[in-house]
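S.K.: First the structure, which I've put down as structure tokens, then a few questions once you've had a look.
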Amino acid sequence: RKIILPEFDCVIGNPPYTAWDEIPDDTKDKIIKKLGKLAEKYSLSPKGGVRQRQNPHIYVYWIMHATKFLKPNGRLGMIISNLWLQTDYGIKFGNFLLDNFKIKAVIDIPLRLFTALITTTIILLEKCDDESQRNENEVVFIRIPTNVEDIK
């Protein structure tokens, strides 16, 4: 059954950190069907037989898909793996973000604060169709220190 969702003022989430190679084939097919052209535009289409670190993780597609549910000037906040900051696909994903959002903040958390075996990043975005506004936007980059003192 098809459900039509309205556009929202805000989309927040903690999408799976699953690598492309770990995604079930039927899910891969659905992602490609839904986001194939957009993924190709940003060279984010997964290619068979490519080394794992070169294929985007599922959170990239999650955010690309979530974008269509936002109203103009709507906000998107996601906590995702920080792996994209260290990969070739991360540059391409960054281009997608720059073409669709004012990036308000990127908060890198190098500590393993959660049960996941990876470190995380929080991205705070504002949907913006005006290229000049996106180009004038100032981004806040925050890196949480790796040493945290216990305050008693």
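S.K.: Under 9 Å between Cβ atoms, at least 6 apart or on separate chains: pull out the pairs that start in segment 115-138 with a residue that is at pLDDT below 95 and among the aliphatic types (A, V, I, L, M) and end on any residue that is assigned to a helix (DSSP H, G or I) and open to solvent by less than 60 Å² (accessible area, probe 1.4 Å).
M.R.: Going by the 9 Å Cβ cut-off, the qualifying pairs are ILE118/ASN82; ILE118/LEU83.
S.K.: So, one more: Out of all the residues in segment 112-146, which are surrounded by 13 or more Cβ atoms within 10 Å (Cβ to Cβ) and in a strand (DSSP E or B)?
M.R.: Those that are surrounded by 13 or more Cβ atoms within 10 Å (Cβ to Cβ) and in a strand (DSSP E or B): THR120, THR121, ILE122, ILE123, LEU124, LEU125, GLU126, LYS127.
The values are calculated or read from the model by the stated rules, or taken from the named source; none is laboratory data. This structure is a prediction, so every number in the text was calculated from the model and none was measured. FYI the Cβ positions are ideal-geometry reconstructions off the backbone, even for glycines, and counts take in every protein chain you see. Heavy atoms of the whole protein, side chains included, go into the accessibility calculation; ligands, DNA and RNA do not. Shrake-Rupley method; radii C 1.70, N 1.55, O 1.52, S 1.80 Å.
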